[in-house]
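The values are calculated or read from the model by the stated rules, or taken from the named source; none is laboratory data. It should be emphasised that the depicted structure is a prediction, and the values quoted were computed from it without experimental measurement. Cβ: placed from backbone, ideal geometry, glycine included. Neighbour counts: every protein chain shown. We work out accessible area using only protein heavy atoms, side chains counted, and drop any ligands, DNA or RNA first. Shrake-Rupley method; radii C 1.70, N 1.55, O 1.52, S 1.80 Å.
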Amino acid sequence: DYVVVKMIPDNRLPPRHLHSVHTGKTFAVIKWESPYDSPDQDMLYAVAVKDLVRKTDKIYKVKTRNSTVEYTIKKLEPGGKYHVIVQLGNMSKESSMKINTVPLSAPDALKIITENDHILLFWKSLALKESNFNESRGYEIHMFDSLMNITAYLGNTTENFFKVSNLKIGHNYSFTVQARCLYSGQMCGKPATLLYDELGTGEDSSAAKTGRSTDVAAIVVPVLFLLLVTLGIGFVVLYMRHRRLQNSFTAFANSHYSSRLGSAIFSSGDDLGDEDDEAPVITGFSDDVPMVIA
């Protein structure tokens, strides 16, 4: 025996399994399930988005009959903090969650150039890769002194460089540059960090890789090139002399080679300069030696 029981839908139940699927800089994809399986009619949901930084609220309406609902919340701010509440339109029990959007990227190519009594920080504009960044927002710079274990806020700028003075000899510093924080430091960009190692002479290990490395390369590379060219010319000269000497010796040996004797004949020192002595000496022929005339 069996019996079929049909449950009465309870519209006072909250949406189930509310969670975030994907979060970007300006949007968030959320997903939830209906309060009960297989709704037999369209269900109206209210999606409330509370901006925890700006203290503002927005409400969106979603109407669907699907058991699983996926919704994209748009027009969010990078690095923002939000509280999302989903419930049926009849103000039933709610499901909630918190979302933090992805902050702006860190500035690229942060470099240090050492001057006589100060250093200059340089970086690329964030507007080159972040369409949501406006240069009027600017950047803020922080400095950490590892010897004193102190972090200091140096200021902000709308330029792509910043001058830092009054650095102490023998101290190691870390500089960070990021998109300027908004709303009392609650909405910031990712920081770009660079270590500045003060070695007591005003030199910088990181600057040696940035500012000074260019000067060293400008000197070393031409010198190495000239050395290679000089060595190449020297090898060519030695090779030509070797070939000339070899050719001279070969010509000299061929001019003194006797095909009859099968060897080279060199005159003694007393006979040098006497051209008559270089003529071959004709001797008599033996009777038992056949003569072949070609």
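Values as computed for the structure displayed
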item	result
Elements of type strands (runs of 3 or more DSSP E) in segment 93-164, at least 1 residues being touching a residue at least 60 places away in the same chain (Cβ under 8 Å)	95-100, 111-114, 118-122
Sole residue being touching an Asp or Glu at 6+ places or on another chain (Cβ under 8 Å), open to solvent by less than 100 Å² (accessible area, probe 1.4 Å) and modelled with pLDDT of 70 or more, chosen from Leu167, Leu182, Leu195	Leu167
Restricting segment 12-31 to residues that are out of contact with any Phe, Trp or Tyr (no Cβ under 8 Å at 6 or more places or on another chain) and farther than 30 Å from Cys188 by Cα, the residue that is least open to solvent (accessible area, probe 1.4 Å)	Pro14
Matching entry among Ile59, Ile8 (being open to solvent by 20 Å² or more (accessible area, probe 1.4 Å) and farther than 30 Å from Ser131 by Cα)	Ile8
Selected residue [within 37 Å of the chain's Cα centre (by Cα) and not basic (Lys, Arg)] from Ile59, Ile73	Ile73
Residue match in segment 36-51 (condition: in a loop (DSSP other than H, G, I, E, B), under 42 Å from the mean Cα position of the chain (by Cα) and outside the structural domain of Glu140 (by the TED database))	no
